[in-house]
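Encoded as structure tokens, the structure appears first; notes follow it.
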Amino acid sequence: MISHGRPSGRPAVRQMAGRRTSWVVWFRRAIQSAFLLLFLYLFLQTVYHPINKAGWRVTLFFDLDPLVAITVWLAAHALVSSLLLSLITVAVTVFFGRWFCGWVCPFGTVHHLFSSFRGGKVKARLEAGGYTRWQRWKYYVLALFLGSALVGSNLAGWLDPFSFFYRSLATAVFPAVNLAAQKSFGWVYLIDPGVGKIRATAITEPAYDVLRHYFLAAQQPHYFWSLMIGLLFGAALALNFFRARFWCRYICPLGALLGVAGKNPVLRLVADPATCNDCRLCLADCQGGANPQAGEAWKPAECLYCWNCRSSCPSGSIAFRFEVPGVNKP
Amino acid sequence: MIKSAARWLVNFFRPPPESGLDLTRRSLITSGLAGVGGGLLFGIHPLAGGKSFNPDLVRPPGAVPEEEFLGRCIRCGECMKVCPTNAVQPTLLEAGLSGMWSPVLKMRMGYCEYECTLCTQVCPTKAISELAVEEKQKVKIGLAYIDRNRCLPYALARTCIVCEEHCPTPKKAIWFEETDVLNIRGEKVRVKQPHVDPDLCIGCGICENKCPVADRAAILVTSVGETRNPKNQTLLPL
């Protein structure tokens with residue numbers, strides 16, 4: 001029941017609901033993992049290969065990012081042809097809402113993962129899970145960046161999710177992982193524990209070779225300001241302990257842009273007040289603060305279409321349906 | 001059908017209050033204007049608009065003129081990740097606050113490899129425009145100059161030809177003048193003193209990177225002469 005990535009959730013609560021995590025949620029997790037792995041794969045492809053040719057489409061996620069396209073257009077009066085791919089993102093969002101945030105965005109997936117690490121009782125989560133007006137701040141961040149881009153300063157990269165994630169990986173996380181591997185394997189190599197002729201290095205050295213060949217950098221990279229960039233990255237992840245997907249709810253300017261585009265989707269959440277038992281478990285598991293519970297107005301611009309609410313609803317009152325708003329209902 | 005489509009369109013431009021966009025016009029305009037104001041404050045920074053140039057701001061090859069560069073660069077760090085010599089580094093304030101975390105070459109960390117164009121290939125917004133290897137080898141990203149107070153043949157009358165040996169251009173941009181100088185014991189010795197040819201130097205920085213004077217090199221690359229900024233030049237004809 002506690003479906004947002006706590007498979008070992010408390011058994012008592014599980015029994016109470018008596019429902020298993022919906023297959024849609026598992027499907028969404030698989031898609032999210034695939035896009036996160038693709039992002040990391042493209043990240044590792046961005047190296048000297050060892051020929052002077054970068055890997056396949058290493059800019060793919062930036063190409064899909066309409067915030068990058070629009071700020072570059074405003075600030076430099078230039079349309080980059082590869083960035084026109086982001087029109088697809090916008091077009092789909094107009095009809096299907098912020099699916100991109102919930103299913104594709106690799107930084108969102110990382111936040112989703114960290115949100116699921118936080119403990120806390122269901123009660124605390126549902127009290128903190130609802131929509132708050134602070135969620136408007138991401139739209140202000142977006143307006144700020146668009147305003148400065150209008151007069152030639154493109155600052156969107158500071159908080160654009162792909163830029164933030166990629167920059168943090170490139171200058172902080174990846175070098176730190178390299179150093180960790182080098183130090184730990186180096187330690188084993190120097191100590192060389194073992195019995196008689198059976199030494200640990202017989203395993204660790206080939207393993208280190210494989211890591212270095214496929215994953216690590218040829219030489220330890222060093223960057224200025226990696227501490228600052230790394231601390232900001234850590235802070236962005238730590239904020240998930242206050243609210244699920246804090247970044248996506250309150251900060252992300254791309255999320256705001258997609259929220260504006262997807263404020264009136266045709267795929268809509270319908271909560272049936274007749275069958276709803278008002279347990280508000282949907283609210284406890286909601287990732288975006290979109291008020292999925294019956295009796296409240298669902299917020300399409302905040303919904304990440306993660307399907308958690310539908311999956312956790314014990315009475316099956318929540319459904320996503322195709323409908324044109326304002327036509328079927330008064 | 002047509003009616004519902006029309007309804008949908010109307011709802012799109014005038015969203016119902018429950019859509020989740022409960023934004024007041026006042027707050028949106030305020031934040032947008034704050035962005036405009038901030039952007040304007042950045043725009044009157046001395047480095048903006050090509051009024052002055054930071055000698056330490058050596059951008060990667062293919063970088064567009066500075067003003068357009070700051071409009072395009074999204075500080076994603078792909079160029080920093082891909083650089084095989086680790087030369088491309090994030091700025092803090094070298095390009096002004098508005099340029100924070102944009103790329104800069106730090107020649108003591110690495111240098112611009114003569115045969116490499118990777119950063120020009122991976123830039124998602126073409127802030128670093130894509131160049132073929134032959135094009136890139138002609139792009140000047142800066143110009144080297146010699147600090148004669150630190151350079152060994154000048155300052156200490158010791159033989160050193162490291163910068164000339166590493167210089168990658170077909171005709172070396174560093175040439176030697178053989179001179180008789182006095183060493184620290186007052187004896188006359190013959191040394192080769194290096195000079196930079198500003199027409200041939202492309203500012204790749206391998207001389208600065210390999211210079212045996214370890215902390216601050218005796219030959220340094222600054223941004224003057226960079227192809228992308230026609231005003232950042234040694235203005236008198238050479």
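Checking A:SER153 against (1) more than 7 Å from every other protein chain (Cβ to nearest Cβ); (2) more than 17 Å from the chain's Cα centre (by Cα); (3) crowded, with 18+ Cβ neighbours inside 10 Å; (4) not aromatic (Phe, Trp, Tyr), only one condition comes out false. Which one? Exception for A:SER153: condition (1).
Condition check ((1) touching a residue at least 24 places away in the same chain (Cβ under 8 Å); (2) facing chain A (nearest Cβ under 7 Å)) across all residues:
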{"site": "B:ILE2", "(1), (2)": "no, no"}
{"site": "B:VAL10", "(1), (2)": "no, no"}
{"site": "B:LEU23", "(1), (2)": "no, yes"}
{"site": "B:SER27", "(1), (2)": "no, yes"}
{"site": "B:GLY35", "(1), (2)": "no, yes"}
{"site": "B:PHE53", "(1), (2)": "yes, no"}
{"site": "B:ARG75", "(1), (2)": "yes, yes"}
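Candidates in the range A:225-249 are the residues that are in a loop (DSSP other than H, G, I, E, B) and among the aromatic types (Phe, Trp, Tyr); of these, the one that is nearest to A:TYR131 (Cα to Cα) is A:PHE242. Here the helices (runs of 4 or more DSSP H) wholly within the range A:98-186 that include at least 3 residues being at pLDDT 95 or above are A:106-117, A:137-150, A:161-168. Just one residue in the set B:VAL82, B:VAL64, B:VAL88 is closer than 24 Å to A:LEU159 by Cα, in contact with a Pro (Cβ under 9 Å, 6 or more places away or on another chain), surrounded by 15 or more Cβ atoms within 10 Å (Cβ to Cβ) and of a type in the set (A, V, I, L, M); that residue is B:VAL88.
Scan the range B:163-195 for residues that are surrounded by 18 or more Cβ atoms within 10 Å (Cβ to Cβ) and among the aliphatic types (A, V, I, L, M) and the total you get is 3.
Residue check: B:ASN86 meets all listed conditions (1) closer than 16 Å to B:VAL139 by Cα; (2) over 10 Å from the mean Cα position of the chain (by Cα); (3) not hydrophobic (A, V, I, L, M, F, W, C) but one, namely (1). A:TRP225 meets the conditions (1) outside the structural domain of A:THR109 (by TED's automatic domain parsing); (2) of a type in the set (Phe, Trp, Tyr); (3) buried (at least 18 other Cβ atoms within 10 Å of the Cβ) in every case but one. The failed one is (3). Just one of the listed residues (A:VAL104, A:VAL141) is more than 9 Å from chain B (Cβ to nearest Cβ), in contact (Cβ under 8 Å) with a residue 40 or more places away in the chain and within 28 Å of A:ALA256 (Cβ to Cβ), namely A:VAL104. Residues of the range A:49-68 that are within 18 Å of the chain's Cα centre (by Cα) and either surrounded by fewer than 16 Cβ atoms within 10 Å (Cβ to Cβ) or not in a helix (DSSP H, G or I) (or both): A:THR59, A:LEU64, A:ASP65. Would you call B:ALA6 at pLDDT 95 or above, out of contact with any Ser or Thr (no Cβ under 6 Å at 6 or more places or on another chain) and either more than 8 Å from chain A (Cβ to nearest Cβ) or crowded, with 23+ Cβ neighbours inside 10 Å (or both)? Spelling it out, it is not the case that B:ALA6 is at pLDDT 95 or above, out of contact with any Ser or Thr (no Cβ under 6 Å at 6 or more places or on another chain) and either more than 8 Å from chain A (Cβ to nearest Cβ) or crowded, with 23+ Cβ neighbours inside 10 Å (or both). Within the range A:256-276, residues that are closer than 21 Å to B:ARG14 by Cβ have Cβ atoms under 6 Å from residues that are among the hydroxyl-bearing types (Ser, Thr, Tyr) and at pLDDT 90 or above in these pairs: A:ALA256/A:TYR139; A:LEU258/A:THR93; A:ALA261/A:THR93; A:GLY262/A:THR93, counting only partners at least 6 apart in sequence or on another chain.
Annotation note: Cβ proximity below 9 Å between a residue of the range A:197-209 that is within 13 Å of A:GLN182 (Cβ to Cβ) and a residue that is outside any helix (DSSP H, G or I) (sequence gap 6+ or interchain) occurs for A:TYR208/A:LEU216. Does the range A:105-119 include one or more residues that are over 29 Å from A:PHE62 (Cα atoms) and of a type outside the set (Phe, Trp, Tyr)? The answer is yes, given that some residue of the range A:105-119 is over 29 Å from A:PHE62 (Cα atoms) and of a type outside the set (Phe, Trp, Tyr).
For B:LYS126, the conditions (1) under 22 Å from B:GLU208 (Cβ atoms); (2) over 12 Å from the mean Cα position of the chain (by Cα); (3) within 11 Å of chain A (Cβ to nearest Cβ) all hold with the exception of (1). Entry remark, the range A:32-48: residues being facing chain B (nearest Cβ under 9 Å) and crowded, with 21+ Cβ neighbours inside 10 Å number 2 in total. The number of residues in the range A:160-187 that are more than 10 Å from chain B (Cβ to nearest Cβ) and either surrounded by 18 or more Cβ atoms within 10 Å (Cβ to Cβ) or closer than 14 Å to A:ILE229 by Cβ (or both) comes to 6. Which residues, counting only those in the range A:221-237, are touching a residue at least 40 places away in the same chain (Cβ under 8 Å) and either within 20 Å of A:SER86 (Cα to Cα) or more than 9 Å from chain B (Cβ to nearest Cβ) (or both)? A:LEU227, A:GLY230, A:LEU232, A:PHE233, A:ALA236, A:LEU237, listed by residue number. Against the numbered list (1) facing another protein chain (nearest Cβ under 7 Å); (2) surrounded by fewer than 20 Cβ atoms within 10 Å (Cβ to Cβ); (3) at pLDDT 95 or above, B:TYR114 comes up short only at (1).
Could you say whether any residue in the range A:115-129 is more than 9 Å from chain B (Cβ to nearest Cβ) and under 19 Å from A:LEU257 (Cα atoms)? Looking through the range A:115-129, none of the residues is more than 9 Å from chain B (Cβ to nearest Cβ) and under 19 Å from A:LEU257 (Cα atoms). When A:PHE95 is tested against (1) in contact with a helix residue (DSSP H, G or I) (Cβ under 9 Å, 6 or more places away or on another chain); (2) touching a residue at least 60 places away in the same chain (Cβ under 8 Å); (3) not acidic (Asp, Glu), only condition (1) is not met. Among the residues of the range A:261-286, not one is touching a helix residue (DSSP H, G or I) at 6+ places or on another chain (Cβ under 7 Å), assigned to a loop (DSSP other than H, G, I, E, B), of a type outside the set (Lys, Arg) and more than 14 Å from every other protein chain (Cβ to nearest Cβ). Considering the range A:49-75, the residues that are facing chain B (nearest Cβ under 7 Å) and free of Cβ contacts under 8 Å to residues at least 40 places away in the same chain include one that is nearest to A:ILE88 (Cα to Cα), namely A:ASP63. Scanning the range A:192-206 for residues that are within 40 Å of the chain's Cα centre (by Cα) and surrounded by 11 or more Cβ atoms within 10 Å (Cβ to Cβ) turns up A:ALA200, A:THR201, A:ALA202, A:ILE203, A:THR204, A:GLU205.
The values are calculated or read from the model by the stated rules, or taken from the named source; none is laboratory data. Predicted model, so just to flag it, every value in this text is computed and none were measured. Glycine also receives a Cβ, built like all others from the backbone with ideal geometry; neighbour counts cover every protein chain displayed.
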